[in-house]
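**Q** Sharing a structure, written as structure tokens. Questions coming.
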Amino acid sequence: MTTAPKDDMAITSGTRARLREAQLNLINSQLWMTAISTPVLTILVSIVLWPLIAHATILIWLGLSLTVLAARMYGYVRFAQIAPTGQAIEFWDRYITGTTTLSSWMWGIAMLFLWPAGHPTHQLVLAMPLVGVAAAGTAAYAPVKKIYLLFIAGVMIPLTLRFLLEGTPEHASIGLMGILYFGMLMGIGRNLHNSGAASFIIGFQKGELAESLATKNEALEDALSSIKTLSGMLPICANCKKIRDDQGYYQQIEHYITEHSEAQFTHGICPDCAKELYPDIKYPDS
């Protein structure tokens, strides 16, 4: 079973660049779900807390959350339009990481400014969507390690601390469960990240192998074509040994073979011809 390298530095820089492009493309392709779920959750939370929290505070939080969402959706559209590669991907890496982190902070801020003190039921109503948001974020942003880690931390740390700081045994129990849940999400995100990276790298290797085989097949076909050129019956003069070409002209055998193959000739003289041409020279017996 193939697993992703534990350290991104274990792969080549070229593969790392292609991997980051593929990871960001995957994250960006799933942002439409955020475009649907975020407004619904923020509006529902605002409605539930409307009787308990200052309306101005709720409206400010709601406005900031939707503004961050609008920035993320703008990036989603632009990223899909230009399909960035190379150095441009570095900008979009920072953009997607930054806007995703801001989104998690907006949920964390809710635990600070929208906390319904003295209303345990409403506290749970506020916490439950955040638990779901953290889980969904882990799955959606797992392709890029820093993005899912920042997102989980931005949501779960304020949530856990808020329950722990309430001081009651019930709140402390929920806070401890939050710590365990935080750890579980970290582990799940790590496994999703590693398996996803391994899948991408295997895909790259298969593509490179296919290209290499295609190149070798093309070279083999060229070689076979050259071999076929010299196959069959070659009309050759019985006396001078010249070969007749396709146009009916006779050529020296070495010239013909050189034109129709990769062979090259170097000239010398065999012992029998040497004795015939130069009889006065004494030759050792061959």
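The values are calculated or read from the model by the stated rules, or taken from the named source; none is laboratory data. As the structure is a prediction and not an experimental result, all values here were calculated from the model. So basically every Cβ, Gly included, is an ideal-geometry build from the backbone, and we count neighbours across all protein chains shown.
**Q** Restricting to region 146-163, and then to whatever is farther than 19 Å from Val68 by Cα and in contact with a His (Cβ under 9 Å, 6 or more places away or on another chain), can you tell me which residue is surrounded by the fewest Cβ atoms within 10 Å (Cβ to Cβ)?
**A** Arg162
**Q** Of everything in region 56-65, what is surrounded by 15 or more Cβ atoms within 10 Å (Cβ to Cβ) and either under 22 Å from Trp92 (Cβ atoms) or touching a residue at least 40 places away in the same chain (Cβ under 8 Å) (or both)? Give them in sequence order.
**A** Ile58, Trp61, Leu64, Ser65
**Q** Something else: Name the pairs: first residue in region 256-270 and in the same structural domain as Lys241 (by TED's automatic domain parsing), second residue among the small types (Gly, Ala, Ser), Cβ to Cβ under 8 Å, at least 6 apart or on different chains?
**A** These pairs meet every condition: Ile257/Ala263; His260/Ser226; Ser261/Ser226; Glu262/Ser226.
**Q** Let me ask another. Could you list all residues from region 87-113 that are touching a residue at least 24 places away in the same chain (Cβ under 8 Å) and surrounded by fewer than 16 Cβ atoms within 10 Å (Cβ to Cβ)?
**A** Taking region 87-113 and keeping what is touching a residue at least 24 places away in the same chain (Cβ under 8 Å), we get 89, 92-93, 96-97, 99-113.
Within region 87-113, Leu112, Phe113 qualify.
**Q** Right, here's the next one. Regarding region 56-64, can at least one residue be identified that is assigned by TED's automatic domain parsing to the domain that holds Leu124, hydrophobic (A, V, I, L, M, F, W, C) and not in a helix (DSSP H, G or I)? Explain how you work it out, then say what you get.
**A** The initial filter retains those residues of region 56-64 that are assigned by TED's automatic domain parsing to the domain that holds Leu124, namely 56-64.
After this cut, where a residue has to be hydrophobic (A, V, I, L, M, F, W, C) as well, the list is 56, 58-62, 64.
With not in a helix (DSSP H, G or I) added as a condition, the list becomes none.
Within region 56-64, not a single residue is assigned by TED's automatic domain parsing to the domain that holds Leu124, hydrophobic (A, V, I, L, M, F, W, C) and not in a helix (DSSP H, G or I).
**Q** Considering only residues of region 43-55 that are in a helix (DSSP H, G or I) and without any contact (Cβ under 8 Å) to a residue 40 or more places away in the chain, which is farthest from Trp107 (Cα to Cα)?
**A** His55
**Q** From the list Gly189, Gly175, Gly183, which one is in contact (Cβ under 8 Å) with a residue 24 or more places away in the chain and either of a type outside the set (D, E, K, R) or within 16 Å of His119 (Cα to Cα) (or both)?
**A** Going through Gly189, Gly175, Gly183 in turn, the sole match is Gly189.
**Q** Since Asn25 meets every condition but one in (1) out of contact with any Phe, Trp or Tyr (no Cβ under 7 Å at 6 or more places or on another chain); (2) in contact (Cβ under 8 Å) with a residue 60 or more places away in the chain, which condition does it not meet?
**A** Of (1) out of contact with any Phe, Trp or Tyr (no Cβ under 7 Å at 6 or more places or on another chain); (2) in contact (Cβ under 8 Å) with a residue 60 or more places away in the chain, only one is false for Asn25: (2).
**Q** Could you tell me how many of the residues in region 246-283 are farther than 21 Å from Asp222 by Cβ and assigned to a loop (DSSP other than H, G, I, E, B)?
**A** 16
**Q** Looking at Pro84, Pro143, Pro116, can you tell me which residue is buried (at least 21 other Cβ atoms within 10 Å of the Cβ) and not in a helix (DSSP H, G or I)?
**A** Result: Pro143 is the single residue among Pro84, Pro143, Pro116 that is buried (at least 21 other Cβ atoms within 10 Å of the Cβ) and not in a helix (DSSP H, G or I).
**Q** Here is a check on your reading of the model: is Ala127 in a helix (DSSP H, G or I) and over 32 Å from the mean Cα position of the chain (by Cα)? Give the steps one after another, and end with the answer.
**A** Numbers: in a helix (DSSP H, G or I): yes; over 32 Å from the mean Cα position of the chain (by Cα): yes.
Yes: the conditions hold for Ala127.
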